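**Q** Structure in structure tokens, see below.
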Amino acid sequence: MTAKPAAAAVRATVHGFPRQGPDRQLKKAIERYWKGRLDAAPLLETAAELRAATWVQLADAGLDEVPTGDFSLYDHVLDTTVMVGAIPPRHRAAYDADPLDGYFAMARGTQDVAPLEMTKWFDTNYHYLVPELGPDTVFAADSRKQCAELGEALALGLAARPVLLGPVSYLLLAKPAPGVAEDFDPLTLLDRLLPVYAEVLADLRARGAEWAQLDEPALVQDRTPAQLAAVERAYRLLGTLDDRPRLLVASYFDRLGAALPVLAKAPVDGLALDLTGPAAGNLDDLAAAGGIPGKRLVAGVVNGRNVWINDLERSLSTLATLLGLAGRVDVASSCSLLHVPLDAAAERDIDPQILRWLSFARQKVTEIVTLARGLHQGADSVAAQLAANRADLASRSGSPITRDPAVRERAAAVTPADTRRAEGYAERTAAQRARLALPPLPTTTIGSFPQTTELRAARAELRSGRLDAAGYGERVRQEIRETIAFQEKAGIDVLVHGEPERNDMVQYFAEQLTGYLATQHGWVQSYGTRYVRPPILAGDISRPAPMTVEWTRYAQSLTDRPVKGMLTGPVTMLAWSFVRDDLPRGETARQVALALRDEVGDLEAAGTAVIQVDEPALRETLPLRAADQPAYLAWATEAFRLTTGGVAAATQIHTHMCYAEFGDILQAIDDLDADVISLEATRSHMRVADELAAARYPREVGPGVYDIHSPRVPDREEVVGLLRAGLGAIPPERLWVNPDCGLKTRAWPEVRDALTHLVDAARELRGGL
Ligand code: GLN
Ligand code: ZN
């Protein structure tokens, strides 16, 4: 092959990087600051050191342009709110008095002032703070953070590209401020917001930015013609400013669809596209739009939100196709690497063979640089890396871990009959009434009781070897005894064992299922300083032994009242884990469902009359594009029915979901064919009960009457009021009385009082029936 000119640029970048540092220094420093144990100056210094270390490391790894402004002390959407001056009035005084404390007050609230609402960042497990806007919102540019961080990177002698949340996505992610009409559309503020972005861009240009990236992830969701017209207007205006850096408009998490031709025609200088997973269709769409001749294309061929090594040869061939569609092609991650752990090399307990299949943020940067070299300097320049990658991919696809014939055969043999209960709901409910003999308005809880410091300490002692399995088991049994005794005394009708043995509702099961992997350091940011370590679905899933039966059996041995068996459902097991990229999600869900089905069967055989299968994540992994939603809901509800479909008519299946928005998945909730569903409802004052009644939901429902997210204890009258509202929509024989969610984050004194009030309220209303 012909030699490339020595100056051929590598052209590799990322959209953002994990913020916390290798030892979670940022989290620790911020939490010490909150507790008053660290001053602002050393906190900000730690943050600056982490940023510098990250940039230097990215540049050393071979990226020729580093992102700036993606760093955050809490959340980048909150940073954008500060950048555009949209501080909510209730936080204004505190913010003006001390911007750092005011910033944290917006994020976390104070004794007197409520925080901004927090919600999921698209279909990831990251949460952002929702901007609150209204017709009176006045924007004002504050480019200090962006300019300062750009300055820091430039001072290190690096090429740097500020990354900003774009104006259209910022408005689409916002909600009407408290007191503003619910139908207020924040997008109507676009013309007021654009001059603020123009000013920030001019400041960045003056500070030395050659390029700036505007992220518009909201455009990968279905958008109306009016919204697309707003995109067109926004980028016509920003693109024709005299005084600006070159503009790169970025999208990720799915394909751009109708927004792609709009952005391709806009007077901006480049596009960043996600080319992985469901977004791979961007390639054809870009070709159909005629490409972006003469412009910069940042090609997201390395998946920024999974943990698997890239297929480098396949990516190189995609990249080669893209060369014909743009003036310049850069190689990048599909989205910010914020969503993956930092470094697979830090894992010591993972089998070295499996470790070679994993790629966390640092490994992904290396892949990006390799691909960029291969693209711009010829595949020969990376022949060794390609060979190693080929071997790793082969070891993964040929491994008995990723392909267990017994699991595959069983999954392939599933018939529609397996996913349906033998009897219809009416017949089941009669059998269950006869068996359980519950009063109207039966009371229950969602599963967990307070996770005390003693319990956590016992688990830590077990891990460190200071407590043996028998000793730990006795601590758990003691907790179960206390929990059962309390529920009997309070007069609850359907009891739970309290889940004291569970550290986390997904991890507990993941640890016991074959095919799942746990990490030691695989932290990813959930929100603010909260980091989680999602387990990894690495191979075919099977259940070597029962997982919950002993604890449930023990709890049942202590009481004559029914004790509910508690399981985490297959959809949630996937949603809160890293999933495979070598098997469709629906297939993995089916494998998990079969393992759980065996657990359900064992619980039933042990005499458990009520079994709850939690699916709090059903709604949150709904695909971003409406066209993809029916297929998802089909496999998701099928997996739930496969888990629960094998039980007898007299065994009552419960399910549980949190999050107040259910309106668009009512049909799916019905398709679960559970006998009883409990839902979060206090925050919307039982609106979900009305929605279910309007949709003619035929089964039993427990809309939550105790908001477990707050230490506040509701009194009896308050619960009575909520139940009356529920009874307006659901008849007493189908209305359950329960909290919004599990009680594990609450303290015992609150829980005792709240549940006592809840039982009293149910009794009062029963008296009037
Ligand atoms: N059974 C679980 C618990 O009570 C449910 C938790 C959840 O819905 N997030 O903790
Ligand atoms: Zn819940």
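**Q** I'm told ASP671 meets every condition in (1) more than 22 Å from the chain's Cα centre (by Cα); (2) surrounded by 17 or more Cβ atoms within 10 Å (Cβ to Cβ); (3) within 23 Å of VAL600 (Cβ to Cβ) except one. Can you identify the failing condition by its number?
**A** Just one mismatch for ASP671, condition (2).
**Q** Residues being under 27 Å from ASP404 (Cβ atoms) and either basic (Lys, Arg) or surrounded by fewer than 22 Cβ atoms within 10 Å (Cβ to Cβ) (or both): count how many of those fall in region 548-564.
**A** Here is the first cut: in region 548-564, the ones under 27 Å from ASP404 (Cβ atoms) are 548-550.
Then drop every residue that is not either basic (Lys, Arg) or surrounded by fewer than 22 Cβ atoms within 10 Å (Cβ to Cβ) (or both), which leaves 549-550.
The qualifying residues number 2.
**Q** Separate question: Out of the residues in region 551-568 meeting the condition of being among the β-branched types (Val, Ile, Thr) and in contact with a Ser or Thr (Cβ under 8 Å, 6 or more places away or on another chain), tell me which one is farthest from ALA606 (Cα to Cα).
**A** By that ranking, first place goes to VAL563.
**Q** Here is a list: VAL713, VAL701. Which entry is aliphatic (A, V, I, L, M) and buried (at least 20 other Cβ atoms within 10 Å of the Cβ)? Steps first, please.
**A** Values: VAL713 fails: buried (at least 20 other Cβ atoms within 10 Å of the Cβ).
Exactly one residue qualifies, and that residue is VAL701.
**Q** Within region 139-156, identify whether any single residue is within 20 Å of VAL231 (Cα to Cα) and either assigned by the TED database to the domain that holds LEU78 or not acidic (Asp, Glu) (or both), and answer yes or no. Steps first, answer last, please.
**A** So the first thing to find is which residues in region 139-156 are within 20 Å of VAL231 (Cα to Cα), and the list is 139.
Okay, now just the ones that are also either assigned by the TED database to the domain that holds LEU78 or not acidic (Asp, Glu) (or both), so 139.
Yes - at least one qualifying residue is present in region 139-156.
**Q** Filtering region 437-471 down to residues that are of a type in the set (A, V, I, L, M, F, W, C) and within 16 Å of ligand 2 (Cβ to nearest atom), which residue is nearest to the chain's Cα centre (by Cα)?
**A** ILE446
**Q** Continuing with the same structure: Does at least one position in region 524-534 carry a residue that is in contact with a strand residue (DSSP E or B) (Cβ under 8 Å, 6 or more places away or on another chain), under 30 Å from ARG410 (Cα atoms) and buried (at least 23 other Cβ atoms within 10 Å of the Cβ)?
**A** Yes: one or more hits.
**Q** Could you give me the residue pairs with C-beta distances under 7 Å whose first residue belongs to region 494-510 and is in contact (Cβ under 8 Å) with a residue 24 or more places away in the chain and at positive phi, whose second residue is within 16 Å of ligand 2 (Cβ to nearest atom) and aliphatic (A, V, I, L, M) wherever it lies, and which are 6+ apart or on separate chains?
**A** Listed by first residue and then by second, the contacts come to GLU499/MET566.
**Q** Quick one: which strands (runs of 3 or more DSSP E) sit completely within region 21-132 and have at least 3 residues that are at pLDDT below 95?
**A** In region 21-132, 118-120 are the strands (runs of 3 or more DSSP E) which contain 3 or more residues that are at pLDDT below 95.
**Q** State yes or no: is GLN520 under 21 Å from HIS656 (Cβ atoms), surrounded by fewer than 23 Cβ atoms within 10 Å (Cβ to Cβ), not assigned by the TED database to the domain that holds ASP123 and not β-branched (Val, Ile, Thr)?
**A** no
**Q** Return the residues of region 423-467 that are among the small types (Gly, Ala, Ser) and either touching a Leu at 6+ places or on another chain (Cβ under 8 Å) or closer than 28 Å to HIS497 by Cβ (or both); say none if nothing qualifies.
**A** In the first step, residues of region 423-467 are kept if they are among the small types (Gly, Ala, Ser); the result is 424, 426, 430-431, 434, 437, 447-448, 457-458, 460, 464-465.
Within region 423-467, ALA430, ALA431, ALA434, ALA437, GLY447, SER448, ALA457, ALA458, ALA460, SER464, GLY465 meet the criteria.
**Q** Just checking, how many residues over region 713-755 are within 15 Å of ligand 1 (Cβ to nearest atom), assigned to a helix (DSSP H, G or I) and within 21 Å of PRO440 (Cα to Cα)?
**A** 2
**Q** Do you know which of the residues in region 600-615 that are touching a residue at least 60 places away in the same chain (Cβ under 8 Å) and assigned to a strand (DSSP E or B) is nearest to ligand 1 (Cβ to nearest atom)?
**A** Within region 600-615, the match that is nearest to ligand 1 (Cβ to nearest atom) is ASP614.
**Q** Which one is surrounded by the fewest Cβ atoms within 10 Å (Cβ to Cβ), of the residues in region 180-202 that are modelled with pLDDT of 95 or more and farther than 22 Å from ARG233 by Cα?
**A** At the first step, the residues of region 180-202 found to be modelled with pLDDT of 95 or more are 180-181, 183-202.
From the residues that got through so far, the ones that are farther than 22 Å from ARG233 by Cα too are 180-181, 183.
Details: VAL180: 16, ALA181: 9, ASP183: 6.
Only one residue fits best here, namely ASP183.
**Q** Taking GLU199, is it touching a residue at least 60 places away in the same chain (Cβ under 8 Å) and either touching a Pro at 6+ places or on another chain (Cβ under 6 Å) or assigned by the TED database to the domain that holds LEU238 (or both)?
**A** no
A quick yes/no check of all residues on (1) modelled with pLDDT of 95 or more; (2) in the same structural domain as GLY21 (by the TED database); (3) among the polar types (S, T, N, Q); (4) in contact with a Leu (Cβ under 7 Å, 6 or more places away or on another chain):
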position	(1), (2), (3), (4)
ALA538	yes, no, no, yes
VAL563	yes, no, no, yes
MET566	yes, no, no, no
MET573	yes, no, no, no
SER577	yes, no, yes, yes
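**Q** Hey, does region 345-352 have a residue that's in a strand (DSSP E or B) and not hydrophobic (A, V, I, L, M, F, W, C)?
**A** No, region 345-352 contains no residue that is in a strand (DSSP E or B) and not hydrophobic (A, V, I, L, M, F, W, C).
**Q** Any residue in region 41-61 that is more than 24 Å from THR366 (Cα to Cα) and assigned by the TED database to the domain that holds ARG19 sitting within a Cβ distance under 6 Å of a residue that is surrounded by 15 or more Cβ atoms within 10 Å (Cβ to Cβ) and among the small types (Gly, Ala, Ser)? List the pairs, counting only those 6 or more apart or interchain.
**A** As it stands, the answer is LEU43/ALA29; THR46/ALA29, since those pairs meet every condition given.
**Q** Moving to a separate point now. Can you list residue pairs whose Cβ atoms sit under 9 Å apart, with the first residue in region 718-732 being touching a residue at least 12 places away in the same chain (Cβ under 8 Å) and the second being buried (at least 16 other Cβ atoms within 10 Å of the Cβ) and among the polar types (S, T, N, Q)? Count only pairs 6 or more apart in sequence or on different chains.
**A** LEU722/THR682
**Q** Among (1) closer than 24 Å to ASP96 by Cβ; (2) among the hydrophobic types (A, V, I, L, M, F, W, C); (3) under 22 Å from the mean Cα position of the chain (by Cα), there is one condition LEU43 misses while meeting the rest; what is its number?
**A** (3)
**Q** Then there's this: For region 616-712, give me every one of the helices (runs of 4 or more DSSP H) that falls completely inside it and has 2 or more residues that are modelled with pLDDT of 90 or more, in the same structural domain as LEU594 (by the TED database) and within 16 Å of ligand 2 (Cβ to nearest atom).
**A** In region 616-712, there are no helices (runs of 4 or more DSSP H) which contain 2 or more residues that are modelled with pLDDT of 90 or more, in the same structural domain as LEU594 (by the TED database) and within 16 Å of ligand 2 (Cβ to nearest atom).
**Q** Just need a number here: residues in region 359-380 that are under 18 Å from ALA299 (Cβ atoms), assigned to a helix (DSSP H, G or I) and over 32 Å from the mean Cα position of the chain (by Cα).
**A** 6
**Q** Is it the case that HIS76 is in contact (Cβ under 8 Å) with a residue 60 or more places away in the chain and surrounded by 15 or more Cβ atoms within 10 Å (Cβ to Cβ)?
**A** yes
**Q** Moving on to the next point. Going through region 278-323 one residue at a time, which ones are basic (Lys, Arg) and buried (at least 16 other Cβ atoms within 10 Å of the Cβ)?
**A** If the condition is that a residue be basic (Lys, Arg) and buried (at least 16 other Cβ atoms within 10 Å of the Cβ), then LYS295, ARG296, ARG305 are the ones that fit.
**Q** Those residues that are closer than 18 Å to ALA595 by Cβ and within 16 Å of ligand 1 (Cβ to nearest atom), I need them from region 637-660; list them, please.
**A** PHE640, THR643, THR644, ILE653, THR655 - these are the residues of region 637-660 that are closer than 18 Å to ALA595 by Cβ and within 16 Å of ligand 1 (Cβ to nearest atom).
**Q** Give me the pairs: first residue in region 98-126 and in contact (Cβ under 8 Å) with a residue 12 or more places away in the chain and outside the structural domain of CYS658 (by the TED database), second residue of a type in the set (Ser, Thr, Tyr) and part of a loop (DSSP other than H, G, I, E, B), beta-carbon distance under 8 Å, and six or more apart or on different chains, which are they?
**A** From residues that are in contact (Cβ under 8 Å) with a residue 12 or more places away in the chain and outside the structural domain of CYS658 (by the TED database), the pairs are TYR103/TYR74; PHE104/TYR74; ALA107/TYR74; LYS120/TYR126; ASP123/THR621.
**Q** From VAL268, VAL340, VAL298, which residue is in contact with a Gly (Cβ under 8 Å, 6 or more places away or on another chain), in contact (Cβ under 8 Å) with a residue 12 or more places away in the chain and farther than 27 Å from THR240 by Cα?
**A** Testing whether each residue is in contact with a Gly (Cβ under 8 Å, 6 or more places away or on another chain), in contact (Cβ under 8 Å) with a residue 12 or more places away in the chain and farther than 27 Å from THR240 by Cα leaves just VAL340.
The values are calculated or read from the model by the stated rules, or taken from the named source; none is laboratory data. Keep in mind that this is a model prediction, so the values were computed, not measured. FYI the Cβ positions are ideal-geometry reconstructions off the backbone, even for glycines, and counts take in every protein chain you see.
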